[in-house]
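I have placed the structure first, in the form of structure tokens, so that the comments after it can refer back to it.
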Amino acid sequence: MIHRLIAALFAALMSLSALAQDPPRTIEMRVDGLVCAFCAQGISKKLGKLEATEEVLVSLENGLVAIALKAGQDLSDESLSRSLTDAGYTVKAIERKAESLDAVRARLKAKP
Amino acid sequence: MSLFPYLGALACLLPAVVFAKPIAYQGGTAIMGEYGAGTMQEVQAFYAPSYRWSAGIGLLHLEADDHRFSRDIAYLRGNLLLRRWNLPRAQANVFAWGGIGTASGSDFEGPKTGWNAGGQADYETLRFYSSLRTDWQYAQNAYSHRIDTVQLGWAPYAHDWDRLATWFVLQGRTYTGGIYEGVEPAALIRLFKNGRRGAVWVEAGVTREGRLQSMFMFNF
């Protein structure tokens with residue numbers, strides 16, 4: 001009986017911890033060819049039209065594009081890659097993060 | 001005097017060599033205008049359904065440096081991105097274009113059908129910019145001339161999207177077909193800024209003869 005109680009308690013704790021884990025709020029993409037301001041404008045317009053996009057950040061200095069997701073929404077790696085390839089750029093890496101876009105912005109500005 | 005020997009040597013030194021791009025981005029419209037030291041004036045408008053091609057219209061006015069003749073050419077043009085290299089901190093492109101239009105001039109009879117072909121290659125980082133461009137215009141029994149332009153640019157600071165980009169640019173240009181004798185060098189300053197409604201590019205400077213050389217571009 002005690003064993004069953006401990007197991008149930010453990011399972012409940014595990015699900016609580018899963019619930020506590022933040023869902024991704026931003027997607028960061030490392031992009032090659034990101035040097036001109038035209039590039040930034042084109043990418044921002046294209047990604048900004050996606051339904052799950054709340055806001056887009058383009059950093060030429062860091063070769064990075066970040067998207068803030070709308071609550072409860074996500075974008076597949078495939079659709080992100082396709083959007084950037086269609087815009088004329090090469091995606092090197094995609095990473096999901098729990099931090100806000102403002103936090104990403106602050107982190108990039110703090111970079112030496 | 002042709003610029004091509006110099007441009008060829010430069011092309012060997014640089015990984016690739018552009019200018020205001022004829023295709024800005026997918027779904028983008030570009031409006032450009034240039035005042036070329038009194039010798040050439042051009043306005044263009046292009047729409048790009050894809051980052052690989054754009055189409056639009058242009059008007060070109062040419063005035064020979066000795067004022068022997070002038071020409072006005074109105075054209076429809078298609079631009080094609082032949083090749084792009086996306087590098088970690090750089091981009092290089094090769095564009096080609098072709099078009100047809102109508103031309104009139106003080107040195108030939110009546111309006112003629114005019115043909116146009118050209119190309120551009122560029123290499124750009126956040127601090128360095130180079131471009132090579134050739135534009136050929138032809139009308140049977142009327143004229144055949146080419147405008148070749150090379151630009152080298154340097155940015156005093158790396159610009160990010162939300163900052164004003166500043167470039168110092170050196171330009172060399174030649175005209176064939178008796179429009180201008182020799183190479184026309186110019187020193188320019190280029191400013192670029194993104195805004196909510198679009199991006200604005202303004203470039204202005206002087207040629208060796210002290211004439212104004214300027215260009216603007218608006219992308220939205």
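The values are calculated or read from the model by the stated rules, or taken from the named source; none is laboratory data. Everything quoted here is computed from the prediction, not taken from an experiment. Cβ placement follows ideal geometry from the backbone for every residue including glycine, while neighbour counts extend to all protein chains displayed. Ligands, DNA and RNA are excluded from the accessible area calculation, which covers all protein heavy atoms including side chains. Shrake-Rupley method; radii C 1.70, N 1.55, O 1.52, S 1.80 Å.
So for A:Lys49, A:Lys111, A:Lys92, A:Lys70, what's the accessible-area order with a 1.4 Å probe, most first?
Details: A:Lys49 165, A:Lys111 105, A:Lys92 130, A:Lys70 75 Å².
Sorted by accessible area, descending: A:Lys49, A:Lys92, A:Lys111, A:Lys70.
For chain B, what is the mean residue ellipticity at 222 nm derived from helices alone (per DSSP H run of n ≥ 4: -39500 (n - 2.57); sum divided by total residues; nearest 500 deg cm²/dmol)? It would help to have the intermediate numbers written out before the result.
Details: 1 runs with 10 residues, N = 220.
Rounded to the nearest 500, the figure is -1500 deg cm²/dmol.
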Other-chain or far-sequence residues with amide H under 5 Å of B:Phe69's (modelled H): B:Ala64
Surface accessible to a 1.4 Å probe, B:His61 within the full protein complex, Å²: 50
Peptide-level mean, for B:22-28, of C-beta atoms on other protein chains within 10 Å: 6
Cα extents of region B:4-215 along the three principal axes, largest first (Å): 52, 38, 34
Inter-chain Cβ neighbour average for residues B:102-109, partner chain, 10 Å: 0
Delta accessible area of at least 40 Å² on complex formation, residues of region B:184-207, 1.4 Å probe, chain isolated as reference: B:Phe192
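Among A:31-44, B:168-181, what's the highest-first ranking by average C-beta atoms within 10 angstrom per residue?
Ranked by mean Cβ neighbours within 10 Å, highest first: A:31-44, B:168-181.
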³J(HN,Hα), Karplus 6.51/-1.76/1.60, whole Hz, each residue of region A:31-36, x for Gly, Pro: 10, 8, x, 8, 10, 9
Karplus-derived HN-Hα couplings along region A:90-107 (A = 6.51, B = -1.76, C = 1.60, θ = phi - 60°), whole Hz, x at Gly and Pro: 10, 8, 9, 7, 10, 9, 9, 9, 8, 6, 6, 5, 5, 5, 5, 4, 5, 4
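Is the shape of region A:22-110 rounded, prolate or oblate, going by the alpha carbon gyration tensor and its root eigenvalues a ≥ b ≥ c, with a/c under 1.5 for rounded and a/b larger than b/c for prolate? Walk me through the numbers on the way to the answer.
Details: a/c = 1.66, a/b = 1.19, b/c = 1.40.
Note, shape of region A:22-110 comes out oblate.
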Under 13 Å from A:Lys109, Cα to Cα: aspartates and glutamates that are on another chain or at least 8 residues apart: A:Glu61, B:Asp160, B:Asp162
Hz values of 3J(HN,Hα) by residue in region B:40-55 - Karplus curve (6.51, -1.76, 1.60), Gly and Pro given as x: 9, 9, 9, 10, 9, 9, 10, 10, 10, x, 9, 6, 8, 8, 8, 9
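By DSSP, what percent of the beta bridges with both residues in region A:22-110 are antiparallel, rounded to the nearest 5?
Values: 18 of 18 bridges.
Of all bridge pairs located within region A:22-110, approximately 100 percent are antiparallel.
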Placed amide H near B:Leu87: partners under 5 Å, 5+ positions off or other chain: A:Gly33, B:Ala92
Separation of alpha-carbon centers, region B:149-198 and region B:48-74, rounded to whole Å: 19
Cα shape, the protein assembly as shown, gyration tensor, a/c 1.5 rule: prolate
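Nearest 100 Å², what total accessible surface is buried between chain B and chain A (probe 1.4 Å)? Write out the running numbers ahead of the final one.
On the way: alone 10750 and 7530 Å², together 15940 Å².
About 2300 Å² of accessible surface is lost on pairing.
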Cα-Cα over 18 Å, subset of A:Lys70/A:Lys97; B:Lys21/B:Lys193; A:Lys45/B:Lys193; A:Lys70/B:Lys193; A:Lys49/A:Lys70: A:Lys70/B:Lys193
Solvent-accessible area lost in complex, 40 Å² minimum, residues of region A:40-64 relative to chain alone, 1.4 Å: A:Gln41, A:Lys45, A:Leu60, A:Glu61
